[in-house]
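Notes follow the structure.
The values are calculated or read from the model by the stated rules, or taken from the named source; none is laboratory data. On a predicted model such as this, the values are computed, not experimentally measured, just so you know. Every residue, glycine as well, gets a Cβ built from its backbone with ideal geometry; the counts of neighbours run over all protein chains shown. SASA here: full protein model, heavy atoms, side chains in, ligands and nucleic acids out. Shrake-Rupley method; radii C 1.70, N 1.55, O 1.52, S 1.80 Å.
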Amino acid sequence: MQDFIGTGVALVTPFNEDLSVDYNALRKLVRYNIDNGINYLVINGTTGESITITKEEKEEIIKVIADENKGSLPLVLGVGGANTQTVIHELKTLDLSNIDGILSVAPYYSKPTQEGFYQHFKAIALATSKPIIAYNVPGRTAKNMLPETVLRLAKDFKNIVAVKEAGNNQQQYYELLKNKLEDFLIISGDDDLALGTTLAGGAGVISVIGQALPKEFSKMIRLGLEGKNKEAYKIHYKLMDLIGLIFEENNPSGIKALLQKLDICKETVRLPLVPATSDLQKRMSSFIDNL
């Protein structure tokens with residue numbers, strides 16, 4: 001579980017203008033994060049536009065990242081969805097030899113009961129020996145997985161080692177932190193709440209903004225883990241407005257526009273997403289220039 005403490009980043013999937021995967025830019029992004037203090041990498045999550053990536057592309061993305069990483073950082077792979085049996089099939093058929101953990105999103109669209117959430121993650125936990133990070137993101141799934149359900153899963157299945165909580169609800173973080181088992185990790189999925197959650201006893205963050213500003217963001221979380229709140233909040237306040245900007249329209253269009261400004265990858269996204277507006281790009285560009 002030590003692999004998932006600190007700053008993880010939910011990597012984007014860079015695309016060329018013809019919408020093919022830009023593997024050279026992906027290597028550049030991975031190297032940039034390895035060299036600037038990130039603790040682990042998350043592949044094919046929401047920010048990676050996993051919903052519009054083919055099975056073949058996913059397999060190649062894993063190979064390219066693992067090759068560029070060369071064992072430097074732990075790798076977490078997004079394997080989740082609304083069809084439990086499909087998730088299980090993917091876990092059993094993918095080559096997970098280079099993968100250190102699984103990030104599995106709570107099932108979306110069908111809006112299961114809390115018992116439905118439990119049975120879904122139970123089936124996943126029994127399908128793999130890999131450590132699992134359950135991912136609660138009600139803004140995308142349309143249903144909140146409650147703290148008692150998460151903690152029930154943690155108690156019943158040893159390989160469910162963490163939750164990425166992204167409900168943007170500080171009280172829910174506190175409930176998880178207050179009642180969790182000692183070794184269970186509470187990971188922030190909200191960049192704006194990441195420092196506060198870490199200072200309250202969380203294990204850090206799986207971040208979007210972190211991949212663009214890895215040195216600054218990982219230092220902030222590291223200071224938070226050390227309990228150095230004053231130094232950490234100086235960085236938080238420095239980055240706070242930019243965090244708001246990258247999520248203003250949608251994710252990952254915002255972060256891709258920022259990465260284009262930093263000459264790491266193009267802003268290109270796949271439909272139904274569209275690139276960030278020129279107004280938002282100008283404001284982010286101005287922020288970076290001043291930073």
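Could you give P(r) for region 139-195, binned at 10 Å from zero, as whole percent values over all Cα-Cα pairs?
P(r) for region 139-195, in whole percents per bin: 23, 57, 20, 0.
At 1.4 Å probe size, with the rest of the protein present, what percent of the exposed accessible area of region 176-275 is carbon and sulfur atoms?
Answer for region 176-275: carbon and sulfur cover 51 percent of the accessible area.
Tell me, what ³J(HN,Hα) does each residue in region 242-248 have, in order and in whole Hz, if you take phi through Karplus 6.51 cos²θ - 1.76 cosθ + 1.60 with θ = phi - 60° and put x for Gly and Pro?
These are the phi-based 3J(HN,Hα) values: 5, 4, x, 5, 5, 9, 4 Hz.
Just to be sure I understand: with springs between alpha-carbon atoms less than 10 Å apart, which residue in TYR174, TYR233, TYR109 has the highest mean-square fluctuation in the Gaussian network model of the chain?
TYR109
Please build a GNM for the chain, connecting alpha carbons under 10 Å apart, and tell me which residue among GLY196, GLY37, GLY139 fluctuates the most.
Greatest mean-square fluctuation among the candidates belongs to GLY139.
Can you pull the Rg over Rh of the chain, Cα-only, Kirkwood?
Reported Rg/Rh (Cα atoms, Kirkwood Rh): 0.94.
Each residue of region 121-127 in turn: what ³J(HN,Hα) in whole Hz from Karplus with 6.51, -1.76, 1.60 and θ = phi - 60°, glycine and Pro shown as x?
Computed from phi, the couplings for region 121-127 are 6, 4, 4, 5, 4, 7, 8 Hz.
Using the Karplus curve 6.51 cos²θ - 1.76 cosθ + 1.60 with θ = phi - 60°, work out ³J(HN,Hα) for each residue of region 142-155 in order, rounded to whole Hz, and write x for Gly and Pro.
Each residue's phi maps through the Karplus curve to give 6, 8, 8, 8, 6, x, 5, 6, 4, 6, 5, 5, 4, 6 Hz.
First select every other residue whose beta carbon is under 14 angstrom from the beta carbon of ILE124; then total the charges, Lys and Arg +1, Asp and Glu -1.
Cβ neighbours under 14 Å give a net charge of +2.
Just to confirm my numbers, what's the Cα centroid distance between region 1-27 and region 65-117 in Å?
15 Å
Using only the Cα atoms of region 74-174, construct the convex hull and provide its projected area averaged over every direction, in square nanometres to one decimal.
The Cα convex hull of region 74-174, projected and averaged over all directions, gives 6.1 nm².
Applying a 10 Å radius around every beta-carbon, put 46-55, 243-252 in order of their mean neighbour count, most first.
Taking the mean over residues of other Cβ atoms within 10 Å, the ranking is 243-252, 46-55.
If you count only protein heavy atoms with a 1.4 Å probe, what accessible area per residue comes out for region 135-291, rounded to a whole Å²?
Here the per-residue accessible area is 45 Å².
Determine how many Å³ per residue the convex hull of the Cα atoms of region 76-129 encloses.
66 Å³
So if I take the centroid of the Cα atoms in region 186-216 and the same for region 253-291, what is the distance between those two points in Å?
When both Cα centres are located, 21 Å separates them.
What number comes out for the charge environment of LEU75, summing +1 per Lys or Arg and -1 per Asp or Glu over other residues with Cβ under 10 Å away?
With Lys, Arg at +1 and Asp, Glu at -1, the neighbours total -2.
Could you tell me which of the pairs LYS122/LYS143; LYS180/LYS234; LYS158/LYS180; LYS55/LYS261; LYS130/LYS180 are separated by over 25 angstrom between their Cα atoms in the structure shown?
Check vs 25 Å cut-off fails for LYS180/LYS234; LYS55/LYS261.
Two decimals, Cα atoms only, Kirkwood Rh: what is Rg/Rh over region 14-155?
Rg/Rh for region 14-155 comes to 0.98.
Express in % the proportion of alpha carbon pairs of region 186-279 at distances exceeding 16 Å.
Here the tail beyond 16 Å accounts for 54 percent of pairs.
Please report the net charge: other residues with Cβ closer than 12 Å to the Cβ of TYR109, K and R +1, D and E -1.
+3
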